[in-house]
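Written out below as structure tokens is the structure these notes cover.
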Amino acid sequence: MCQTEWRPLVDHGARTQNEKLDIKTTTCYMCACRCGIRVHMRDGEVRYIDGNPEHPLNQGVICAKGASGIMKQYSPARLTQPLMRKRDAERGAAQFEPVSWEVALETIEKRLAHLRATDPKKFALFTGRDQMQALTGLFAKQFGTPNYAAHGGFCSANMAAGMIYTIGGSFWEFGGPDLDRAKLFIMIGTAEDHHSNPLKIAISKFKRAGGRFIAINPIRTGYAAIADEWIPIRPGTDGALFMALIHELIKADAYDHEFVKRYTNAGELLDMRAESDTFGLFVKDPALPEGNPLFPQNHLWWDAKAGKAVQHHAPGVEPALDGRYVLDDGTPVAPSFALLRERMAETTPEWAQEITGIAAETIRRLAREMAQTARDHKITLPIEWTDAWGVKHESVTGNPIAFHAMRGLAAHSNGFQSIRALAVLMSLLGTIDRPGGFRHKSPYPRAVPPSAKPPSSPNDVKPNTPLPAGPLGWPAAPGDLFIDEAGEPVRIDKAFSWEYPLAVHGLMHNVITNAWRGDPYPIDTLLIFMANMAWNSSMNTSEVRKMLTDRGPDGEYKIPFLVVCDAFQSEMTAFADLILPDTTYLERHDAMSMLDRPISEFDGPVDSVRVPVLPPTGECRPFQEVLVELASRLKLPAFTTAQGTRKFKDYPDFVVNFTTAPESGVGFLIGWRGKDGDKALVGEPNPRQWEEYAKNNCVFHYTLPEELQYMRGVNGPYLQFAVEKGFRKYAEPIVIQLYSDVMQKFRLAAQGKAAGRQPPEHLRARVERYFDPLPFWYAPLELATTDLERFPLAAVTQRPMAMYHSWDSQNAWLRQIHGENYLYMNPRMAQENGIEDGGWIYVESQWGKVRCMARYSEAVEPGTVWTWNAIGKAAGAWNLGPDANESQRGFLLNHLITEELPAGDGVRRVSNSDPVTGQAAWYDVRVRVYPAEADADHTLPQFTPMQPLPGSTGTVERIQAYFAGSGKFAARLRNVVKRK
Ligand code: SF4
């Protein structure tokens, strides 16, 4: 561990010779960005935290949250000991008594052992914004339960799926904008979200270098505040804007012809026989070698010069992108680009203007600006590289137009197709993994789609047996769905069923509702880690809270046993039967692993770790330790030796010694591998690996040779390298899928054309409509059931710079920035509705209403209202006083959002989610606003105040001591406080 003697710049005279001063480096976890930090210690206590200048991600920059980690560490809401609900207490009343870890672990072990031996799917493990999914996913797989996912389904699964099913990578952890070389930067659907400090650094440099920054968003906050231009857009209409931009680029012939022809599937020929069971799929020539059937290489191009079909990428051939042709056997075919061109012919700027609210002329100007930037600022780097078909290129070229997009696009029921449209737009501009555009980050790009598939049959769930595959994966066809013979879901959240076939991150937001209803079946034990499902992480929050306490006819809770693991008392812990106290990020080991979501840079793979800088508070234990312990007790095969004994001493031991397969050399961390620590990326386990990370700023950065840094989807030597180093399974090139035959395979099944699995009757039309192989725009699903005259306003939330969802409501410093929240609205709209600036109002949707305060803002388009996410709290939650501003003047928009859409048009009740991916459609709700009672002075709804839990740290004194500045003074202060 890095321990450097700390010397104050100025000696204030208050410190003594005996004080022990240290600086320890680790990785921040005040949000999910994972910046390097230095924790400055005195006498074993944290004094302050700053950014680590030697860390590649944040280069010393720290944000308000990061610097406030000390107040999280010493938070009054800390849980400090395992707690069991009192035998005679009602669930939800938050009446607990302390138990030992042995009792807690034995209780879970006994329960889980029984479930594993009888029906493993009755155990469900769902986790929040954790950074250990490689471990939690492994635990679920080894246990044998399909019921596992992390938070992605209610966050940005559409962003991951829409991009990865098109270009093999996505934003943030998977890739991002190359602002060092971009000239034009377009940020859409993003406020202050993801990749926080690195993006701030990059935008700052970009603007200083003269780059032009355009923010497209219904609201101008966060990064958009410093944009050169703000273009307001109506929520849920981004896809229409992208399609109009594509229309303009194609019409002006201003797309990157070479890139599109060679590196996308634009030229690949589609079977156009409407009656055929292969209609709309890529034609395969059986006379040519198919190679890996997952990524067949016998697709065809039309060679216009020779007037015949040839294998794609045949040397010297340029594929036709338009027209209709006939193969020698009489099959009518068309290049997929011809269909894209036809689809986009109708999506004019005038069409998009009606949908988005953006003037057609603005859309035209945007398209012109993109085309001109590509034409006039082309980048050429003198880097030779070789493509996957053996062609040598003298240089790497690029078009310097970069995008960044996130949850504003994703959290709609049309998000998948909208994001597909964005990926197609970026591809037509030729900006994928090229300088100045979008750049992948290792281990991305992945195959399209990635080769990992979920289990596909209920028979894959067997007592005392691991699942044959991880519980999550990337379906490529109906055969990959996780359904039973009748086509019904196997998972509790219904992911990978016909309702949400490509639910690659699961649907955590429906787990409680489905389990409560017993649809598709009841479960026994739900283990929730670090997710506030009784508050800001659930839609329809009030009802979900009732479900957690609802009992069946037998008097038992409908969800019989609820385990919550968290570091803090929250709305969720009140509903636990057993609470496991997690450590903070300063008290544990963590691995930001290449097997999960590392912190890679554009120039190569980077992973990082956390090391404990403090001992655990009270009896807290890291959740990873708990999982390794339980897995060992349950004798899950990956955690057990051939002799039946425990394989790993603890979590650090697991991280060092686990490998993906015997002799694979691929483990959780890529740095200092090999017995002597002299190998990178792959190699035998190194018992001193943690020490090496700790000595080196907790980070390992492997820089790829320049010729492997670009065009990685089709860079032959890079693809080989990626297979050798365990980033990928196969070396087939990753051709960008402008046209998705994966989608067409589902559509053919829905149309009854394809043999094999077909959707149940009530879902046929749904699958047929939304599984369009080309991007299209449709109104968010909820609007079909909304009276738009009555509820005309879109209502959305944003995450503020100073708080990460609900994590920081207990933070004494950050609460001073956000302790209450308003509903922001355009003054014109507010005045039309008789609402005063600062006045109390009701916000009502068809699903519920809340009372809150209004605030005028010119920085929001008139058809939208918005608020900060997760500032509002239930009374007493997070150990705040029952009259704290967070509960009395803060509110939660979630009460207005439904988690399910009612049955209609022959479709049964479904999740309020994207019909392709199951991504939660947070931002589809429509509301109305009106003044509240004249004497209103607090928000609604209110809940019975939570009481402090046993073992609360009660750290007000310690916080005062911190401000007081020295141990002695703090002791005196404590005495004063006691006397009072
Ligand atoms: S951006 Fe996130 S990870 Fe980085 S310092 Fe701020 S809170 Fe910490």
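Does ILE62 qualify as being assigned to a helix (DSSP H, G or I), touching a strand residue (DSSP E or B) at 6+ places or on another chain (Cβ under 7 Å) and within 16 Å of the ligand (Cβ to nearest atom)?
Judged against the criteria, ILE62 is not a match.
Within the range 654-670, which residues are touching a residue at least 12 places away in the same chain (Cβ under 8 Å) and either part of a loop (DSSP other than H, G, I, E, B) or open to solvent by 40 Å² or more (accessible area, probe 1.4 Å) (or both)?
From the range 654-670, those touching a residue at least 12 places away in the same chain (Cβ under 8 Å) are 654-660, 664-670; that's our starting set.
Scanning the range 654-670 gives ASN657, PHE658, THR659, THR660, SER664, GLY665, VAL666, GLY667, PHE668, LEU669, ILE670.
Scan the range 687-700 and report the pairs whose first residue is in a helix (DSSP H, G or I) and whose second residue is open to solvent by 90 Å² or more (accessible area, probe 1.4 Å), with Cβ atoms within less than 6 Å and a gap of 6+ or a chain change.
Filtered contacts from the range 687-700: ALA694/MET1.
For the range 107-124, does any single residue satisfy the condition of being over 30 Å from LEU467 (Cβ atoms), basic (Lys, Arg) and either surrounded by fewer than 18 Cβ atoms within 10 Å (Cβ to Cβ) or at pLDDT below 95 (or both)?
No, every residue in the range 107-124 fails to be over 30 Å from LEU467 (Cβ atoms), basic (Lys, Arg) and either surrounded by fewer than 18 Cβ atoms within 10 Å (Cβ to Cβ) or at pLDDT below 95 (or both).
At least 2 residues that are touching a Leu at 6+ places or on another chain (Cβ under 6 Å) and at negative phi in each: list the helices (runs of 4 or more DSSP H) lying fully within the range 402-520 that qualify.
Qualifying helices (runs of 4 or more DSSP H): 415-428.
Collect the residues in the range 327-359 that are more than 17 Å from VAL310 (Cβ to Cβ) and of a type in the set (D, E, K, R), keeping them in residue-number order.
Result: ARG341, GLU342, ARG343, GLU346, GLU350, GLU354.
When only residues in the range 19-31 that are more than 12 Å from the ligand (Cβ to nearest atom) and not hydrophobic (A, V, I, L, M, F, W, C) count, which is farthest from TYR804 (Cα to Cα)?
It comes out as GLU19.
Going through ALA477, ALA503, ALA486, ALA495 one at a time, which residue ends up being in contact with a helix residue (DSSP H, G or I) (Cβ under 8 Å, 6 or more places away or on another chain) and open to solvent by 10 Å² or more (accessible area, probe 1.4 Å)?
Of ALA477, ALA503, ALA486, ALA495, the one residue that is in contact with a helix residue (DSSP H, G or I) (Cβ under 8 Å, 6 or more places away or on another chain) and open to solvent by 10 Å² or more (accessible area, probe 1.4 Å) is ALA477.
Okay, residues lined up against (1) under 29 Å from PRO235 (Cβ atoms); (2) surrounded by fewer than 18 Cβ atoms within 10 Å (Cβ to Cβ); (3) touching a Cys at 6+ places or on another chain (Cβ under 6 Å); (4) not polar (S, T, N, Q):
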position: VAL317; (1), (2), (3), (4): no, no, no, yes
position: LEU321; (1), (2), (3), (4): no, no, no, yes
position: VAL333; (1), (2), (3), (4): no, no, no, yes
position: PHE337; (1), (2), (3), (4): no, no, no, yes
position: GLU342; (1), (2), (3), (4): yes, yes, no, yes
position: PRO349; (1), (2), (3), (4): yes, no, no, yes
position: ALA352; (1), (2), (3), (4): yes, no, no, yes
position: THR356; (1), (2), (3), (4): yes, no, no, no
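With the requirement that a residue be open to solvent by 10 Å² or more (accessible area, probe 1.4 Å), free of Cβ contacts under 8 Å to residues at least 60 places away in the same chain and within 16 Å of the ligand (Cβ to nearest atom), what does the range 149-207 give you?
Listed by number, the residues that qualify are ALA202, SER204.
Sort out which residues of the range 892-911 are closer than 14 Å to SER537 by Cα and outside any helix (DSSP H, G or I), and write them in order of number.
LEU892, ILE897, THR898, GLU899
Of the residues that sit in the range 374-401 and are in a loop (DSSP other than H, G, I, E, B) and among the hydrophobic types (A, V, I, L, M, F, W, C), which one is nearest to GLY436 (Cα to Cα)?
ILE383
Could you list, in sequence order, all residues of the range 905-936 that are at positive phi and modelled with pLDDT under 95?
ASP905, GLY906, listed by residue number.
Determine the pairs where a residue that is closer than 18 Å to LYS205 by Cα and open to solvent by 20 Å² or more (accessible area, probe 1.4 Å), located within the range 47-73, has a partner that is assigned to a helix (DSSP H, G or I) and more than 7 Å from the ligand (Cβ to nearest atom) with Cβ atoms under 8 Å apart, the partner being 6 or more residues away or on another chain.
Every condition considered, the pairs that remain are GLN59/ILE201; VAL61/LYS200; VAL61/ILE201; CYS63/LYS200.
Just one of (1) open to solvent by less than 10 Å² (accessible area, probe 1.4 Å); (2) under 24 Å from the mean Cα position of the chain (by Cα) trips up HIS805, so point out which.
HIS805 satisfies all of (1) open to solvent by less than 10 Å² (accessible area, probe 1.4 Å); (2) under 24 Å from the mean Cα position of the chain (by Cα) except (1).
Is there a residue being over 21 Å from the mean Cα position of the chain (by Cα), at pLDDT 95 or above and acidic (Asp, Glu) anywhere in the range 488-501?
yes
Every residue, every condition in (1) within 13 Å of the ligand (Cβ to nearest atom); (2) farther than 25 Å from MET946 by Cα; (3) modelled with pLDDT under 95, yes or no:
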site: GLY13; (1), (2), (3): no, yes, yes
site: CYS33; (1), (2), (3): yes, yes, yes
site: ARG42; (1), (2), (3): no, yes, yes
site: ASN52; (1), (2), (3): yes, yes, no
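Among the candidates GLY518, GLY470, which residue alone is in contact with a helix residue (DSSP H, G or I) (Cβ under 9 Å, 6 or more places away or on another chain) and surrounded by fewer than 24 Cβ atoms within 10 Å (Cβ to Cβ)?
On the way: GLY518 fails: in contact with a helix residue (DSSP H, G or I) (Cβ under 9 Å, 6 or more places away or on another chain).
Checking each option against the conditions leaves just GLY470.
Can you tell me which residues in the range 298-308 are under 19 Å from VAL735 (Cα atoms) and not in a loop (DSSP other than H, G, I, E, B)?
Listed by number, the residues that qualify are HIS299, LEU300, TRP301, TRP302, ASP303.
Have a look at ARG85, ARG78, ARG38 and point out the one that is within 16 Å of the ligand (Cβ to nearest atom) and either among the hydroxyl-bearing types (Ser, Thr, Tyr) or buried (at least 21 other Cβ atoms within 10 Å of the Cβ) (or both).
Selected residue: ARG38, the only one of ARG85, ARG78, ARG38 that is within 16 Å of the ligand (Cβ to nearest atom) and either among the hydroxyl-bearing types (Ser, Thr, Tyr) or buried (at least 21 other Cβ atoms within 10 Å of the Cβ) (or both).
State all residues of the range 604-644 that are within 25 Å of ILE70 (Cα to Cα) and part of a loop (DSSP other than H, G, I, E, B); if no residue qualifies, say none. If you could, list the steps in order and put the result at the bottom.
Step one: of the range 604-644, the residues within 25 Å of ILE70 (Cα to Cα) are 607-626.
If the condition is that a residue be within 25 Å of ILE70 (Cα to Cα) and part of a loop (DSSP other than H, G, I, E, B), then VAL611, PRO612, VAL613, LEU614, PRO615, PRO616, THR617, GLY618, GLU619, CYS620, ARG621, PRO622 are the ones that fit.
Using beta carbons and a limit of 9 Å, which pairs, at least six apart or on different chains, have the first residue in the range 826-849 and basic (Lys, Arg) and the second one surrounded by fewer than 16 Cβ atoms within 10 Å (Cβ to Cβ)?
LYS849/LEU940; LYS849/PRO941
Among helices (runs of 4 or more DSSP H) lying entirely in the range 131-212, which contain 3 or more residues that are under 15 Å from the mean Cα position of the chain (by Cα) and under 18 Å from HIS440 (Cα atoms)? Walk me through it before giving the result.
Working: elements: 133-143, 157-167, 196-208.
By residue number, 157-167.
Of everything in the range 584-594, what is over 22 Å from the mean Cα position of the chain (by Cα) and crowded, with 24+ Cβ neighbours inside 10 Å? Give them in sequence order.
LEU586, ARG588
Of the conditions (1) in a loop (DSSP other than H, G, I, E, B); (2) under 32 Å from the mean Cα position of the chain (by Cα), ASP328 clears all except one; give me its number.
Every listed condition holds for ASP328 apart from (2).
Collect the residues in the range 309-319 that are in a strand (DSSP E or B) and without any contact (Cβ under 8 Å) to a residue 12 or more places away in the chain, keeping them in residue-number order.
Within the range 309-319, just VAL310 meets the criteria.
Any chance the range 597-618 includes a residue that's over 26 Å from the mean Cα position of the chain (by Cα) and surrounded by 21 or more Cβ atoms within 10 Å (Cβ to Cβ)?
Yes.
What do you reckon, is PRO581 more than 21 Å from the chain's Cα centre (by Cα) and open to solvent by 20 Å² or more (accessible area, probe 1.4 Å)?
No: the conditions fail for PRO581.
The values are calculated or read from the model by the stated rules, or taken from the named source; none is laboratory data. Because the structure is a prediction, the values reported are computed rather than measured. Every residue, glycine among them, receives a Cβ derived from its backbone with ideal geometry; neighbour counts consider all protein chains shown. Areas reflect the complete protein model, heavy atoms only, side chains present, ligands, DNA and RNA absent. Shrake-Rupley method; radii C 1.70, N 1.55, O 1.52, S 1.80 Å.
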